[in-house]
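Structure, as structure tokens:
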Amino acid sequence: MDKLVVEGGHQLKGQVRISGAKNAALPLMAASILADGPWRLTNLPVLGDLLTMGRLLTFMGGRVELGQKDPRQNPNEAELDLTMLSKPEAPHELVKTMRASALVLGPLLARLGRAKVSLPGGCAIGVRPIDLHIKALRAMGAIFDLSGGDIVGRVPEGGLKGAEIRFETVTVTGTENLMMAATLARGRTILANAAREPEVVDTGQALLAMGAQIEGLGTDTIIIDGVSSLKGGSYQVTPDRIEAGTLLAAVALAGGEITLVDFPHEALGTVVAKLRETGLILTALGSDMLAQAPDSLSAADITTQPHPGFPTDMQAQFMAMMTAAKGVSVITETIFENRFMHVGELRRLGADITLEGRTAVVRGASCLSGAPLTASDLRASASLVLASLAARGVSQIHRVYHLDRGYERLDRKLISLGAVISRVPA
């Protein structure tokens, strides 16, 4: 198990390319279950969760070739062929570290009519109820039992059937799961109160490329007309908007000037607007983005919301920024109930943060000093790295395996921009 040692006080300068989005790549890998032929993904990030998904699909009987296994291949490409799928199971030992394991449930039921999936694991940031998935799939005809921590599902003869489904709350993985399941269902499925996140749109665009019939992507009502089969093909994963936002927060805290290549402008509009409010100077350069740190940051308030609101996955990084900003900022988390676990660690650096239920009040311009830190989840890991860039002295961040689950070599990218970071055994 590694830790990161971060020496603060070094400005960032240079150019870095944004990797493909983990939250888009995982459902795109799951979608290969639906295809009658090989499925090729490009711009795939090299991440722990994707390796886990690859092992899961291989366990099911698929052929999965991730480029990083062979140095002669592009490490950001994958070939997946699930045409010989024989074991529709996602056992606990394979998926205990990954929330996204639920994404195989819909495709398995649609294609094979049966599935056995262990309840998802992953970061302990709050409840991500799979019951929304189950309720919606039941409306399409699926039958479920819960046995020993596994969800066991089957579909009566004739397969899934189209249905009108209204999600009680907006769910990204639920929308993706049901959209995939509906592509092979009989008749029309309408998903109301559907998630609008760019990763949902990316999944839908990939399904369209496979031959699915889908309307309404990017809106809260998605209409899917089932088809008899889907074909293989090739698809490029969208750039990671959360990685891009994290790097913007990094230069805001560390100071300096960086250019982000392949910047997801449209997907990150709300975050860009809020970062500009803090004083960060952002200039669009075609498909790239130039970010210049101001002499000082100004406090700003955020409330996390489903897309197109401010993303919960950027809340921790924004809080790290506000520890260095002039004034008082109010950060309200509406998505996950336990997503303030990084607050205690930021306080260890000297941050002045008060918690009031789901609201954090940050009194900025604190003089941060390096300290030993422990990451609790993926985005918390990133916030601690960012705050350490602005802290005096050296910080040691433990349990950075969380970071590796969702960022492709974030430490190396920051090092390439001038940060002083080393990865050593804990």
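The values are calculated or read from the model by the stated rules, or taken from the named source; none is laboratory data. Keep in mind the model is a prediction, meaning the values are calculated, not measured. Positions of Cβ are generated from backbone atoms using ideal geometry, with glycine treated the same way; all protein chains shown enter the neighbour counts.
Residues in region 384-403 that are of a type in the set (S, T, N, Q) and surrounded by 24 or more Cβ atoms within 10 Å (Cβ to Cβ): 388, 395. For region 175-198, check the following and say yes or no: at least one residue is of a type in the set (Gly, Ala, Ser) and at pLDDT below 95. No.
Taking the criterion of being among the hydroxyl-bearing types (Ser, Thr, Tyr) and within 22 Å of residue 14 (Cα to Cα), the residues of region 379-426 that qualify are 383, 388, 407, 416, 422.
Of the strands (runs of 3 or more DSSP E) lying entirely inside region 173-238, those containing at least 3 residues that are in contact with an Asp or Glu (Cβ under 9 Å, 6 or more places away or on another chain) span 188-192, 213-215, 221-225. Scanning region 286-321 for residues that are surrounded by 23 or more Cβ atoms within 10 Å (Cβ to Cβ), out of contact with any Lys or Arg (no Cβ under 9 Å at 6 or more places or on another chain) and closer than 23 Å to residue 367 by Cβ returns 319, 320, 321. Screening region 156-196 for residues that are of a type in the set (S, T, N, Q) and more than 22 Å from residue 229 (Cα to Cα) and picking the one that is surrounded by the fewest Cβ atoms within 10 Å (Cβ to Cβ) gives 169. Cβ-Cβ contacts under 6 Å between residues 6 or more apart (or on different chains), taken from a first residue in region 10-37 that is surrounded by fewer than 24 Cβ atoms within 10 Å (Cβ to Cβ) to a second residue that is polar (S, T, N, Q) and assigned to a strand (DSSP E or B), are listed as 15/259. When 243, 257 are checked against the criterion of being at pLDDT 95 or above and assigned to a strand (DSSP E or B), 257 stands alone in meeting it.
Considered as a group, the residues in region 131-147 that are over 28 Å from the mean Cα position of the chain (by Cα) and more than 19 Å from residue 190 (Cβ to Cβ) include one that is modelled with the highest pLDDT, and that residue is 143.
A count restricted to region 38-53 and to residues that are touching a Pro at 6+ places or on another chain (Cβ under 8 Å) and surrounded by 20 or more Cβ atoms within 10 Å (Cβ to Cβ) stands at 1. Looking across region 137-157, the residues that are within 13 Å of residue 110 (Cβ to Cβ) and not in a loop (DSSP other than H, G, I, E, B) come down to 137, 153, 154. Before we move on, is residue 131 within 15 Å of residue 101 (Cα to Cα), free of Cβ contacts under 8 Å to residues at least 12 places away in the same chain and not hydroxyl-bearing (Ser, Thr, Tyr)? When the stated conditions are applied, residue 131 passes them. Among the residues of region 22-67, those identified as closer than 13 Å to residue 80 by Cα and polar (S, T, N, Q) are 32, 42, 58.
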